[in-house]
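Peer 1: Please find one structure pasted underneath; my questions will follow.
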Amino acid sequence: KISANTSIIGKSVIYVPSCHSTNDYLNQLISNKVIEEGTTVVTSDQTKGRGQRGNAWECQADSNITLSCFLQPHFIEAKDQFTMNIAVSLGVYDTITSLYSSNVKIKWPNDILIDNKKICGILIENYLSGRKISNSIVGIGLNINQTSFNGNFPATSLFIETGKKMNLNYASQLLLENLDKRYHQLKNGEIDRLKREYYDNMFWFQEEGLFEEVNPDGTRERFNGVILGVNDYGCISIAKENKEVKHYAFKEVKHIY
Ligand code: BTN
């Protein structure tokens, strides 16, 4: 039983023992009936989890947090959508740092890493009405007790990092409380503070790195650059060696190392 001490996110929690994807389950709920903002769907066995770029999100049953929250951030204009990613990333960041306090980083746009290994993925699906966001489904997969991974990107869990199994309800409650806190900051217009904290904890912020640009024709080019920041559209700004600054959307560039 999850009972988070929150005023929006997780005030109402729906637990389903198993489902394909909590994002899809929640989407179905929203289209069938009126549900309260903050309603959160949690499952212990997600069988067809979805990730960004159309990838699959796989996890062992009864091991990790897989949940989705229904939000109605009507106060956010479509062009400022990325502020949702910032607030949610920080809520997850807060949770992992309080459970495990070492080298936790946010990798643009919203992966959470421990020592370069992915511990959490976030899939935010926004639905627009005119120039504003009407509904938002915030899906979070946070690896807690999973013992091994076999994807192509290095992944980890809290168990792998600490050697200790953790109570999933406790970790979920903490996550919902941190998300709620960050969502309130966003609602209260504390954007500058959220951005500053996002940058403070951002992987490779203002450091030199190797990137790969994906051209529209699918060809790829590698270059060295320095991340200068992220604009409200969610594009990353990178200064290239020749000092030219370019903005890339999520699918247009990849961090190599
Ligand atoms: C990614 O890093 O590619 C995002 C992964 C998001 C996974 C979560 S798990 C709960 C929610 N339901 C889904 O189908 N996906 C998200």
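Since every read-out is calculated from the coordinates, none of them should be taken as a lab result. All figures in this text were calculated on a predicted structure; none of them were measured in a lab. Heads up, the Cβs are rebuilt from the backbone with ideal geometry, glycines too, and the neighbour counts pull from every protein chain shown.
Peer 1: Taking Phe149, is it within 16 Å of the ligand (Cβ to nearest atom) and surrounded by fewer than 15 Cβ atoms within 10 Å (Cβ to Cβ)?
Peer 2: no
Peer 1: Of all residues being among the β-branched types (Val, Ile, Thr) and over 13 Å from the mean Cα position of the chain (by Cα) in the stretch 37-84, which is surrounded by the fewest Cβ atoms within 10 Å (Cβ to Cβ)? Just the residue, please.
Peer 2: Top of the filtered list is Thr47.
Peer 1: Another one. Hey, among the residues in the stretch 100-124 that are part of a loop (DSSP other than H, G, I, E, B) and surrounded by 15 or more Cβ atoms within 10 Å (Cβ to Cβ), which one's farthest from the chain's Cα centre (by Cα)?
Peer 2: If we take residues in the stretch 100-124 being part of a loop (DSSP other than H, G, I, E, B) and surrounded by 15 or more Cβ atoms within 10 Å (Cβ to Cβ), then Tyr100 is farthest from the chain's Cα centre (by Cα).
Peer 1: I'd like to verify a number: residues in the stretch 205-255 that are among the polar types (S, T, N, Q), surrounded by fewer than 14 Cβ atoms within 10 Å (Cβ to Cβ) and more than 25 Å from Gly54 (Cβ to Cβ), how many?
Peer 2: Number satisfying all stated conditions: 3.
Peer 1: Here is a further query. Are there strands (runs of 3 or more DSSP E) fully within the stretch 154-257 with at least 1 residues that are touching a residue at least 40 places away in the same chain (Cβ under 8 Å)? List them.
Peer 2: So the answer is 208-214, 220-230, 236-240, 253-255.
Peer 1: May I pose another question? Can you tell me which of (1) in contact (Cβ under 8 Å) with a residue 24 or more places away in the chain; (2) small (Gly, Ala, Ser); (3) more than 16 Å from the ligand (Cβ to nearest atom); (4) farther than 18 Å from Thr6 by Cβ is the one Ser101 doesn't meet?
Peer 2: (1)
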